[in-house]
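Some notes on the structure that comes next.
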Amino acid sequence: MALLEVKNLTKSFGGLVAVNDVSFHLNEGEILGMIGPNGAGKTTVFNLITGIFPPDKGEIRFNGRSLIGLRPHQITELGIARTFQTIRLFPNLTVMENVMAGLHCRTKAGLWASILQTKAQREEEKFIREKALEYIHFMGLGGLEFELAKNLPFGLQKRLEIARALATNPRVLMLDEPAAGLNEQETSELMDLIAKLRDKGITIFLIEHDMKVVMGISERIIVLDNGYKIAEGTPEEIQRNPRVIEAYLGKEE
Amino acid sequence: MSRLLTRLKSLDRRILYGALLAAVLLFPIVVRNDYWISTLVFFGIWAILGLSLNIIVGYAGLFQLGHAAFWAVGAYTTAILNIYYKVPILVCLPISALVAAFFAIIISRPILHLRGDYLCIVTIGFGEIVRLFLYNDPFKITGGVNGLRGIARPSIFGLEINTPTAYYYYVLFFVIITIIVMQRLENSRLGRAWNYVREDETAAEAMGIDTVKVKLLAFALGAAWAGVAGNIYASRYTVIAPETFSFWNSVIMFCIVVLGGSGSIPGVFVGTLGMIVLPEVLKSILSSILEWRLLIFGIAMVVMMIFRPEGLWPHSRYRLELRREETSS
Amino acid sequence: MDIILQQLLNGITIGSFYALIALGYTMVYGVLKLINFAHGDLFMSGSYLGLTIISILIGAGLGSEALLWALAGVFIVVMAIVAGLGVGIERVAYRPLRRAGRLAPVVSALGVSIALQNAVMLIYGPRYRVYPKGVIPTIYWQVGGLQISFLQVFVLVLSLILMATLYYFIHYTRLGTAVRATALDHDVARLMGIDVDAIVRLIFIIGPALGAAGGIMVGLYYGRINFTLGWGYGLKAFTAAILGGIGNIPGAMVGGMLLGLFETLAAGFIPQGGAWKEAIVFLILILILVVRPTGLLGERVAEKV
């Protein structure tokens with residue numbers, strides 16, 4: 001059974017059908033890429049899976065369990081984390097605080113524990129800080145812990161967003177255009193990172209326009225166009241697929 | 001003015017706070033003026049109110065312009081229990097806090113999803129509905145326009161608190177407890193969750209934070225603390241009336257938080273100083289321009305926001321930011 | 001039946017006041033996403049200015065016939081002054097804060113409201129001021145069991161003219177389209193060559209001007225005014241704007257009328273309704289926002305994630 005199964009997913013906004021009867025699956029441990037021209041519905045698929053809004057029709061199952069009707073934070077707790085197409089960090093908070101956000105759902109100190117500062121709470125706080133620093137260093141942000149997120153250069157902001165998502169200890173990491181705006185050096189670092197994450201056991205699902213990235217690291221790719229899934233296969237198969245070529249060349253680049 | 005503040009802020013914190021604590025503890029002994037001691041008691045109650053609203057507005061970033069309603073719920077709960085049922089004031093304290101919190105949860109739950117400006121108007125609405133309820137007194141328990149009188153003073157082990165100096169230390173105790181609790185919350189998992197919700201609610205929810213629960217807790221806690229302030233206020237003045245719990249006072253509380261520096265505990269004190277004590281001070285010195293007081297007030301609010309929208313004493317995480325701005329300009 | 005009709009008439013008269021003020025709120029909110037707390041006080045300034053100018057004219061010996069015709073001039077002058085006030089406020093208190101977060105503009109708007117109220121109080125005194133009687137001739141007509149006064153007709157006709165003009169402007173002129181575009185997206189509007197700052201200034205001319213007109217009419221209709229007028233009317237007008245769909249101009253008109261009707265009927269038929277008038281208005285507001293936040297005519301604008 002696949003880790004994530006999406007069947008007949010459909011979503012309309014007003015008169016516009018953004019996602020039309022899309023089905024695919026995500027196997028544990030793989031890197032799945034999702035490509036398609038702008039407006040194809042890719043981010044909408046992400047939003048549906050992560051519970052930002054409910055689908056009109058269709059099924060989404062994670063580890064056999066239906067995700068429909070769950071709120072985003074519950075889905076994150078189950079083990080699916082994501083980054084956003086337009087970076088959504090907490091701009092006026094520090095790098096450290098941003099990463100600690102990811103640890104919220106993995107810890108449990110509540111109101112009373114916080115006020116009374118019980119031993120368990122203090123140890124948990126220590127754990128949170130240590131873990132956060134681990135993720136910060138892992139993502140190459142060491143030394144920047146107390147910088148405000150909004151002051152970071154673009155490339156580092158993208159890294160911070162990934163660090164924050166990683167802090168939720170996900171089984172599936174969904175990246176929405178992680179290479180957008182990165183230069184060559186940063187892009188190649190990103191590809192190394194994704195491979196490293198996969199080796200750590202995290203399943204990766206990414207939306208990307210940069211073909212070098214997608215073809216370079218994805219094991220499988222699905223292609224959306226105008227809300228429909230028009231192709232699925234290995235990078236080589238997709239590159240040769242006439243429908244895919246038509247979808248891209250038939251439209252503005 | 002801002003250079004003075006920067007200098008003050010860079011002094012070794014411990015020396016500063018130590019000196020402040022000593023001054024605060026010794027004040028009634030050194031200054032034997034009942035008027036000023038009572039003014040500081042008033043200040044203390046308002047500081048607690050400011051700190052309670054700081055949770056909702058400063059930490060969680062939720063608009064709340066009807067906070068006086070929670071204050072009223074606390075005060076009237078205390079008054080009703082004490083006058084009609086002879087419940088001792090100190091026993092009324094936790095009850096008032098709980099009733100206020102409960103009330104907050106009930107009214108905030110259906111409106112939590114509203115965006116900032118709408119939430120703003122709705123909270124004004126609730127504030128007014130509560131005040132009108134107290135004023136019109138449909139169930140004949142709130143005393144209507146005249147309010148309730150004859151509220152007892154608190155007594156600890158038979159010792160009654162009824163002098164300005166006694167009240168000074170009584171309120172000081174609560175202020176210190178409030179500061180400690182706020183500090184602990186600020187640096188806790190819940191405190192951080194409030195920050196995340198304030199900065200970007202959608203992202204917070206996506207990172208696994210139950211934003212509904214977090215916002216409800218902000219309202220409940222803010223209300224509970226306002227309820228405490230209500231209890232203290234009721235027993236201090238022994239008379240309460242609906243006009244105290246007006247939109248105007250909700251506005252003052254809101255301004256205390258924002259003008260002081262939302263989310264910052266020292267900021268709330270600075271804000272309270274500016275909004276409560278300063279007018280009192282000016283009143284006695286410049287009685288001739290009493291009428292102009294409010295006009296100056298309004299203009300001052302606008303000026304403050306234009307020149308220092310982050311408040312007089314913003315949260316420490318911004319200090320680096322501001323110091324950079326100040327040195328470069 | 002007659003009583004109901006009478007109340008309906010009273011209701012839509014009051015409703016037109018709310019509608020005129022609501023239009024100011026809805027336009028400012030539509031373009032700037034800012035609740036202009038000072039708007040109600042601009043409306044109030046209009047009524048005081050109207051009082052002053054009418055008193056001057058009467059003092060100058062203008063007879064009641066000439067006065068009636070001069071009224072048009074009074075409206076224009078007052079609307080212009082208040083419009084100027086509005087533009088000034090926008091420039092000084094709101095424009096610098098456009099990028100300063102969500103809390104600062106609210107405090108600033110509250111500050112302006114407080115300052116304006118108290119400025120008026122200092123100039124005119126805290127007591128109620130009485131509008132000169134008989135500016136509008138007290139003529140009544142009996143239509144069936146209904147009593148209509150000239151004053152009511154005056155108010156309704158003038159309001160209708162103002163609202164129709166605004167509607168035509170917004171929906172059938174280029175400038176009006178520019179306003180609508182700016183309301184949808186500042187940045188795109190700018191890219192299309194629209195001077196957003198100029199549009200904002202225009203909004204702060206039209207809104208306060210309409211409010212001022214409403215203010216004069218309130219003074220003429222009720223006969224007395226107070227510097228706290230802005231608060232009550234402002235809140236109700238805002239409720240009306242939300243009822244109709246904030247940012248939606250026909251919505252503000254519809255909302256205003258409905259609110260006026262509802263308030264009059266409630267006060268007339270619910271025992272002790274008068275004391276709870278404001279609470280009822282607030283409850284309506286809260287209910288709308290919870291159940292149907294887009295209002296009756298508004299559109300849903302989804303957040304792009």
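For this structure, a couple of remarks:
- For the peptides A:236-245, C:280-289, the ranking by packing is C:280-289, A:236-245, with the highest mean count of neighbouring Cβ atoms within 10 Å listed first.
- Taking every residue in C:116-127 and counting other chain Cβ atoms within 10 Å of its Cβ, the average works out to 2.
- Under 11 Å, Cβ to Cβ, from B:Tyr170 - net charge with Lys/Arg +1 and Asp/Glu -1: +1
- Given A:Lys108/C:Lys33; A:Lys158/A:Lys229; A:Lys11/A:Lys158; A:Lys158/B:Lys215; A:Lys150/A:Lys196; A:Lys150/B:Lys215, the pairs whose alpha carbons are separated by over 30 Å: A:Lys108/C:Lys33
- If R0 is 35 Å, the Cβ-Cβ spacing of A:Gln74 and A:Glu219 corresponds to a FRET efficiency of close to 0.75.
- Centre separation in Å (Cα based) which lies between the range A:135-185 and the range C:56-101: 55
- Label zone at C:Gln6, where the point sits 7 Å out along the Cα-to-Cβ direction: the range C:130-162 residues whose backbone N lies under 20 Å: C:138-156
- For the protein assembly as shown, the Kirkwood estimate of the hydrodynamic radius, built from every pair of different alpha carbons, is 30.2 Å.
- Residues of the range C:136-160 with an amide N closer than 18 Å to a point placed 7 Å from the Cα of C:Trp69 along the Cα-to-Cβ direction: C:136-137.
- Among residues other than B:Ser246 with Cβ under 12 Å from its Cβ, the summed charge is -1 (Lys and Arg +1, Asp and Glu -1).
- Cα centroid separation, the range A:23-86 to the range A:197-253: 16 Å.
- Assigned charges on the beta-carbon of Lys, Arg, Asp, Glu; chain C dipole about Cα centre (debye): 500
- Contact order normalised by residue count of chain A, Cα under 8 Å, 6+ apart, percent: 27
- For residues of B:18-27, the mean tally of beta carbons on other chains within 10 Å: 0
- Rounded to whole Hz, the Karplus (6.51, -1.76, 1.60) HN-Hα couplings of the range B:25-30, x for glycine and proline: 5, 8, 3, x, 6, 7
- Residue-wise HN-Hα couplings along the range B:53-63, as the Karplus relation 6.51 cos²θ - 1.76 cosθ + 1.60 with θ = phi - 60° gives them from phi, are 6, 4, 5, 6, 8, x, 7, 7, x, 9, 6 Hz; Gly and Pro carry x.
- By average C-beta atoms within 10 angstrom, highest first, the peptides A:147-155, A:64-72, A:172-180: A:172-180, A:147-155, A:64-72
- Charge context of A:Val172, other residues only, Cβ under 10 angstrom, K/R +1, D/E -1: +1
- Cα centroid separation, the range B:75-108 to the range B:135-214 (Å): 12
- Computed 3J(HN,Hα) for the range A:223-229, one whole-Hz value per residue from the Karplus formula 6.51 cos²θ - 1.76 cosθ + 1.60 where θ = phi - 60°, is 10, 10, 8, 6, x, 9, 8, glycine and proline marked x.
- Estimated from helices alone, the mean residue ellipticity of the protein assembly as shown at 222 nm is -20000 deg cm²/dmol (sum of -39500 (n - 2.57) over DSSP H runs with n ≥ 4, per residue).
- When each of the peptides B:149-162, C:134-147, C:31-44 is scored by how many other beta carbons lie within 10 Å of its residues on average, the order from highest to lowest is C:31-44, B:149-162, C:134-147.
- Cα centre as origin, Lys/Arg/Asp/Glu Cβ charges: the range A:92-169 dipole, Debye: 140
- A:Glu184-A:Leu116 pseudo-label distance in nm [points 7 Å out on the Cα-to-Cβ vector]: 6.1
- Across the options A:Gly41, A:Tyr135, A:His73, the greatest Cα extent toward the positive end of the charge dipole of the range A:1-136 (unit charges at beta carbon of Lys, Arg, Asp, Glu) belongs to A:His73.
- Between A:Thr107 and A:Asp192, full extension at 0.36 nm per residue minus the direct alpha carbon distance yields a gain of 27.6 nm.
- Across peptide C:252-262, the mean count of Cβ atoms from other chains lying within 10 Å of each residue's own Cβ comes to 0.
- Sites A:Met211 and A:Ala2 - FRET efficiency at Förster radius 22 Å, r taken between beta-carbons, to 0.05: 0.30
- Annotation: amide H of A:Ala231 within the under-5 Å range of A:Val223, sequence separation 5 or more or interchain, hydrogens built in the peptide plane.
- Contact order, relative form, for the range A:92-169: 54 percent (alpha carbon pairs under 8 Å, 6 or more residues apart, mean separation divided by residue count).
- Length-normalised contact order for chain C - Cα pairs under 8 Å, 6+ apart - percent: 38
Since every read-out is calculated from the coordinates, none of them should be taken as a lab result. As the structure is a computational prediction, the values presented were derived from the model and not from experiment. Ideal geometry is used to build each Cβ from the backbone, glycine not excepted, and the neighbour counts take in all protein chains shown.
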